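Have a look at the structure below before the remarks.
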Amino acid sequence: MSATNGFRDDILRHLKYSLGKDEAHAQRTDWRLALSFAVRDRIVDPWFASTRTAYARQAKRVYYLSMEFLIGRLLEDATVNLGLMDQADAIFDELGFDLKDVLSDEPDAALGNGGLGRLAACFLESMSTIGCPAYGYGIRYEHGLFKQSFHEGRQMEAPEDWLNQIHAWEFERPESAFRIGFGGEVRDEHGRAVWTPSEAVIAEAYDTPIIGWQGRWANTLRLWAAKPENMFDLGRFNAGDFYGAAEAEALARTISRVLYPDDTTDEGKRLRLKQEFFFTAASLRDILRRFKSEYSDLNLLPKKVAIQLNDTHPAIAGPELVRLLHDEQNLALEDAIAIARNCLSYTNHTLLPEALERWSEGLMWDLLPRHMQLIEAIDADHQRSHPDRKVAMRGDGDVLMGPLAFGMAHKVNGVSALHTDLMKKTVFEELHRLHPERIVNQTNGVTPRRWVQAANPRLSGLITEAIGDAWIEDLEQLEKLVPLADDAAFRERFDAAKRANKADLAQYFSERDMPVDPDAMFDVQIKRIHEYKRQHLNILETIALWQAIRDDPQGDWVPRVKIFGGKAAPGYFFAKEIIHLINAVADKINADPDTSHLLKVAYPANYNVTLAERLIPAAELSEQISTAGKEASGTGNMKFSLNGALTIGTLDGANVEIRNLVGAENFFLFGMDASEVVARRAVEGHAAQAIEADPRLARALDAVRSGTFGEGFEGIVDNVSGHDYFLVASDFTDFYRAQRDVETAYRDRDAWIRMAVLNTARSGWFSSDRTIRGYMDDIWHARAIAAE
Ligand code: F58
C-alpha cells in the first residue's frame with residue numbers, strides 16, 4: 001500500500017511541479033506525462049547502477065548501430081517491466097481515469113519502417129532484460145515514418161510529428177557532442193593523411209533509458225540530433241537577412257529531420273549518405289571516447305567493444321573506424337583494419353538486389369574523400385590476398401556496401417536459417433567461399449514482454465495462471481502448455497481470451513466506420529506493402545472467394561474478415577496501386593448486401609506498432625505469403641503464432657522454422673519453395689499458363705480488369721498475367737486450396753483452438769532473448785552481468 005501511495009504521490013507531484021498543472025485542470029496528456037515522469041524516476045537508479053556496474057566490471061559493451069529504432073510507445077512497456085501495471089491501474093481508477101486511455105495518449109515513436117527497425121527495438125529490450133551491457137545508436141529524427149491516410153482509396157502521406165509535445169523519456173546531453181565533417185580535401189603531411197572537411201555539423205546526444213524485465217538492468221538508446229556549429233548569424237540578422245541568419249541551422253537540422261528522405265534524386269541520395277555517416281561517425285567517436293576513458297591500449301578494443309551493424313546503413317563504420325585508428329591514433333594501416341574487423345559484425349536483412357545499398361564513387365569522393373581512399377586500400381588489400389577471386393567492394397562506378405560490410409566484419413549473420421543459407425548461395429557466394437567461417441545464422445525473435453505480456457493481457461494472465469510467470473523471461477517454458485491443448489477447460493478459456501480480444505477489435509473498427517462481425521474469422525496481413533510480400537495475392541484470393549460466395553450464397557461459408565495493414569514507400573508506385581486496389585475491393589465487397597455478412601475487408605490506415613499491438617492478439621489467421629526466398633525472416637509471423645493465430649504461409653524466412661516447431665499439422669502450407677520458384681521463373685509464359693489452368697484466377701483478374709472495382713488497375717493485372725516476377729499467378733491455385741483447408745479446420749472450433757494453443761506453446765523459441773544470447777555467444781563474445 002505504501003508503495004502505491006508513493007507512486008501516486010509522485011504522479012501528483014510531477015503533475016504539479018514538472019507540468020505546472022493542478023488536478024482540476026489536468027488533461028489526459030498531462031496525466032500521461034505525469035505518469036511517465038513517475039515511471040521514469042524509477043528507471044533512473046537501475047540505469048545508473050547498470051552503467052556503474054559495467055564500468056566496475058570492465059565489461060565488454062555491445063553497440064548496436066541502426067538507422068531505425070521502431071520503438072513505438074514506451075510508457076506501457078516500462079510500466080510492465082517495472083511491475084507497476086496493477087498499481088497504476090488502481091491509482092488511475094481512483095483518480096477517475098481509465099489507465100488504458102491514459103496510455104493510449106502517447107504518440108507512437110515511428111523511427112523506422114518495418115521489421116528491421118522493430119527488431120532493433122526488441123533487441124534493446126532483450127539486452128536490458130538479459131543484463132548485456134549495451135547501447136543502441138541511431139538518429140533522433142524529428143519526423144518519423146509518415147502518417148498514412150486514405151483519400152478515395154489512395155495512400156496520402158503527411159509528416160509525422162512525435163516531437164511536437166514533451167518527450168518524457170529522453171535526456172538531452174549537450175555535453176556529449178561531436179563535430180562531424182563532410183567533403184573537403186585530404187592532404188599528405190609527412191606520410192600522414194589529413195582530412196580537412198569543407199562543412200561540418202554537430203551531432204548532439206539524446207539518451208533514452210531502456211529498462212529490462214523486472215527493472216534489473218537498463219541500457220541506453222543514444223540518438224543523435226544534427227545541430228549547426230553556429231546557431232545563428234547575428235550579423236546577417238541585424239542586416240535584415242532573417243532567412244540567411246537561420247540558414248545554417250536549417251541546413252544542419254536537415255540531416256536529422258526525416259527518416260528515409262526520398263532518395264530518387266541526387267540531392268536525396270546525398271542527404272541519405274550524410275545521415276548514414278553522421279550517426280555512424282558520432283557513435284564511433286563516442287565508443288572510442290568511452291573506451292579511452294578506461295583503457296590506453298587500442299589493441300584491447302575488440303575485447304571490450306562489439307559493434308553490430310544493422311544492415312549496411314552504418315557500413316561506413318568500417319572505413320571510419322580504420323580512419324580513426326590509423327589517421328588519428330597512428331596505428332599501422334594493417335593493424336587498424338584488423339582491429340576494426342574484430343570489433344565489427346554485420347547483419348544482412350535482404351537478398352533483394354534492388355535493396356542492396358550502393359553509392360556512386362563520385363558522390364563518395366565528394367562527401368567522404370578520405371573514406372574513399374581507405375575503401376580503395378581495404379579493397380586492394382583484400383584483392384591482393386585473394387587474387388584469383390572476383391570479390392570486389394566496388395563495381396560499375398559504385399561502392400558496394402554489402403561486400404564492404406562483409407569485408408570489414410568478423411561475423412556476418414542472416415536472420416533465419418533459410419535466409420542464411422541463401423546468403424551463402426547467392427549474394428555472398430564468393431565471399432563465403434573465401435571466408436567460410438564468417439557467415440552465421442541468428443534467427444530473429446521478438447520480445448515477449450511487449451508482444452505477449454503487455455499486448456495480450458488476457459492470454460498472458462491465462463498462461464501465468466496455468467504455468468506461473470517464469471515464461472516471461474524464459475519463453476520456452478510455454479512448452480508446459482502443450483498438455484493443456486488437450487484440456488477442454490483450458491481450451492475454452494483460451495478461446496474466451498481470443499474472443500474477447502476480437503470483440504475489442506470489432507468495437508475499435510466499428511468506432512471507425514468499419515463494422516465487422518466479431519464471430520467471423522479474423523484473417524490478418526500486416527506489414528510493409530511490397531510486391532514480394534504479395535498483398536495482391538491475398539486480395540485476388542479475396543475477390544475469388546467473393547465471387548464464389550455470390551455464386552452460391554446459401555453455401556456453407558465460414559464468415560471472414562480480411563484485415564490489411566501497412567504503408568507503401570512514397571515512391572513505390574506499384575505498392576501504392578496495391579493499396580488502392582485493396583481499398584477499392586473493400587468498398588465493393590463491404591457494400592454487397594448478399595455477401596457482406598460472410599466476407600468483409602478492413603484496412604485501417606496508418607499501421608504502426610500500436611495498431612499491431614491491437615491487431616495481433618485478435619488475429620486467428622496470420623498471412624505470411626511472400627514469394628519463397630524473398631522474406632529474410634519476418635518477425636510478425638512470430639508474434640502471431642505466439643498469440644495463438646495459425647499461419648497460412650509459404651516456406652519462406654522464419655516460416656520454415658515456425659512450421660518445424662509448431663508442427664506441420666498446425667500450419668497451413670502452400671506454394672512453391674525457394675528452388676521451385678527459381679525453376680518456375682524460367683518457364684516461358686508461366687503466368688499465362690497458371691491463369692489458363694485456373695478459371696477462378698482468370699475470373700478474378702477479369703473482374704479487376706473490367707472495372708468491377710473501378711478504373712486504373714490494369715497495371716496490376718498486366719503484371720500478374722505478364723512478367724509476374726513474384727509468381728502471384730503460379731501460387732494462386734494452391735493458396736486458394738489452402739484457404740479452403742483453413743475454413744474446414746475453422747469449422748471445428750475445438751480442434752482449431754487446440755491448434756492455436758499448440759502454436760502458442762511451441763513458439764517460445766522465437767523470443768528475442770534467445771536471439772540475443774545467440775549474438776552474445778557466437779558474435780559479440782559478451783557476457784551478461786547483474787547490476788550491483
Ligand atoms: C526486414 N527488412 C526483412 N528492411 O524484410 C524481414 O524479413 C526481417 O524479418 C526484418 O528485416 C528483420 O530482420 C526491413 O525491414 C527495411 O525496412 C529496409 C530499410 C531500408 C530501405 C528499404 C527497406
Which one of Met127, Ser596, Met514 has its Cα pushed farthest toward the positive end of the charge dipole of the chain, where Lys and Arg give +1 and Asp and Glu give -1 at the Cβ?
-> Met127
Starting at 0 and stepping by 10 Å, how many percent of the alpha carbon pairs of the range 641-691 end up in each bin?
-> 22, 42, 23, 12, 0
If N is the residue count of the chain, its Cα Rg over 2.2 N^0.38 Å rounds to 0.97
Average silhouette area of the range 448-766, convex hull of alpha-carbon atoms, in square nanometres = 15.3 nm²
For Gly136, which sequence-distant residues (separation of 5 or more, or a different chain) have an amide H within less than 5 Å of its own amide H, given hydrogens modelled in the peptide plane?
-> Tyr64, Thr220, Leu221, Arg222
Quick calc, the range 448-766, dipole around Cα centre from Cβ unit charges on Lys, Arg (+) and Asp, Glu (-), nearest 20 debye, gives 660 debye
Summed residue charge, Cβ within 13 Å of Thr760's Cβ, Lys/Arg positive, Asp/Glu negative = +4
Loop-located GluC sites (Glu not before Pro) in the range 640-699, at most 14 other Cβ atoms within 10 Å (DSSP) = Glu684
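For the range 530-631, which semi-axes, largest first and in whole Å, follow from the square roots of 5 times the eigenvalues of its Cα gyration tensor? Can you show the working numbers first?
Numbers: eigenvalues 117, 49, 39 Å².
Semi-axis lengths for the range 530-631 are 24, 16, 14 Å.
Please state the shape class of the range 352-399: rounded when a/c is under 1.5, otherwise prolate if a/b exceeds b/c and oblate if not, all from the C-alpha gyration tensor.
oblate
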In debye, nearest 20: dipole of the chain around its Cα centre with unit charges on the Cβ of K, R (+) and D, E (-)?
-> 1500 debye
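Quick check on packing: order 234-242, 623-631 by the mean number of other C-beta atoms within 10 Å, highest mean leading.
Details: 234-242: 11.3, 623-631: 25.9.
Peptide ranking by packing, descending: 623-631, 234-242.
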Taking the alpha carbon gyration tensor of the range 616-748, what are the square roots of 5 times its eigenvalues, largest first, to the nearest whole Å?
-> 27, 18, 14
Could you work out how far the C-alpha centroid of the range 227-298 sits from that of the range 628-685, in angstrom?
-> 42 Å
Rolling a 1.4 angstrom probe over the protein heavy atoms, how many square angstrom per residue are accessible across the chain?
-> 38 Å²
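Run the accessible area of the range 448-766 with a 1.4 Å probe and give the carbon-and-sulfur part as a rounded percent. Before the final figure, lay out the partial values.
Details: 5480 of 10980 Å².
Looking at the range 448-766 in its full context, I get 50 percent from C and S.
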Once you have all Cα-Cα distances for the range 172-282, histogram them in 10 Å bins from zero and send the whole-percent values.
-> 13, 31, 31, 18, 6, 1
Please quote Rg/Rh for the range 393-455 to two decimal places, taking the Kirkwood radius as Rh and restricting both calculations to Cα atoms.
-> 1.16
Check each of the trypsin sites (Lys or Arg not before Pro) in the range 362-422 and keep only those in coil by DSSP with at most 13 other C-beta atoms within 10 angstrom; list them in order.
-> Arg389, Lys390
Give me the log10 of I(q) over I(0) for the range 435-555 at q = 0.17, 0.23 Å⁻¹, as the Debye formula computes it from C-alpha points; what are the numbers?
-> -1.12, -1.28
Just how far, in whole angstrom, is the range 700-776 from the range 134-181 if you go by their alpha carbon centroids?
-> 32 Å
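The values are calculated or read from the model by the stated rules, or taken from the named source; none is laboratory data. Because the structure is a prediction, the values reported are computed rather than measured. Quick reminder, even Gly has a Cβ in these numbers, built from the backbone with ideal geometry, and neighbours come from all protein chains shown. The protein model used for the area step is the full one, side chains on, heavy atoms only, and it has no ligands, DNA or RNA in it. Shrake-Rupley method; radii C 1.70, N 1.55, O 1.52, S 1.80 Å.
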